[in-house]
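One structure below.
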Amino acid sequence: MRIIRAADCLSMPWKNGGGTTTEIAVAPEGASLDDFDWRISMAHVGQDGPFSSFPGIDRTLSVLTGAGITLAFGDGECVRLDRTSTPYPFAADRAVDGLLVEGPIDDLNVMSRRGRWRHRVERLSGAASLAASEGLLVLVARKGDWQVNDVALAAGDSAILDAPGRVELVADSDGAQAELYAVWLTAS
């Protein structure tokens, strides 16, 4: 299991220049925004505006802080996400504007290149036993302190587990104060 401490994550401008993102992990390592196979990052969204287009990429968005965001897609579909919403998957090459509900948000953004990788995201708030039967399992600790197979993860830290493998997760605080995102990545 590889541990990524929050202090070691790289911040960079958005592809469209409208904000900043903190990259947690990317494959292949060192890949740019144009040639990654998969990427996990957190972004601060401070104003309404268009999402960057990523041709051939699937994306899942989770609201971490703030009142929420409405995704206004170019085809007329609108989806409102907030802290209680299930992580929301959509095609990253689909035209979409983000409309903030009541001020800025922070989000978790998971992307994978169609035809090479698939991903699935789940939010957890307490003890769990998770398996990675193929590919990778990436854990992103968001709130509280966590024990992952007896390794401590603080808020903002992440862990990457190669399959096959299993992790036992225990939150060091109660469920209301603990939050962790599990990301399963599988080669296509």
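Per the listing Leu136, Leu130, Leu180, Leu81, the residue uniquely buried (at least 20 other Cβ atoms within 10 Å of the Cβ) and touching a Lys or Arg at 6+ places or on another chain (Cβ under 8 Å) is Leu180. What residue, among those in segment 33-69 that are within 26 Å of Ala155 (Cα to Cα) and polar (S, T, N, Q), is modelled with the lowest pLDDT? Looking at the filtered set, the residue picked out is Gln47.
Listed here are the residues, each with its yes/no results for (1) out of contact with any Gly (no Cβ under 6 Å at 6 or more places or on another chain); (2) exposed (fewer than 14 other Cβ atoms within 10 Å of the Cβ).
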position	(1), (2)
Arg118	yes, no
Ser125	no, no
Asp150	yes, yes
Ala159	yes, no
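Inclusion of Ala43 among residues that are within 19 Å of Ala141 (Cβ to Cβ) and small (Gly, Ala, Ser) is warranted.
Quick check on this structure: which one of Phe90, Phe54 is aromatic (Phe, Trp, Tyr) and in a strand (DSSP E or B)?
Answer to the selection: Phe90.
Pull up segment 9-24, narrow it to residues that are hydroxyl-bearing (Ser, Thr, Tyr) and at pLDDT 80 or above, then point me to the one that is surrounded by the fewest Cβ atoms within 10 Å (Cβ to Cβ).
Ser11
Total residues in segment 25-49 satisfying the condition of being loosely packed, with under 15 Cβ neighbours inside 10 Å and among the charged types (D, E, K, R): the figure is 4.
The values are calculated or read from the model by the stated rules, or taken from the named source; none is laboratory data. Just so it is clear, the structure is predicted and the values come from calculations on it, not from any experiment. Cβ coordinates were reconstructed from backbone atoms using ideal geometry, including for glycine residues, and neighbour counts include every protein chain displayed.
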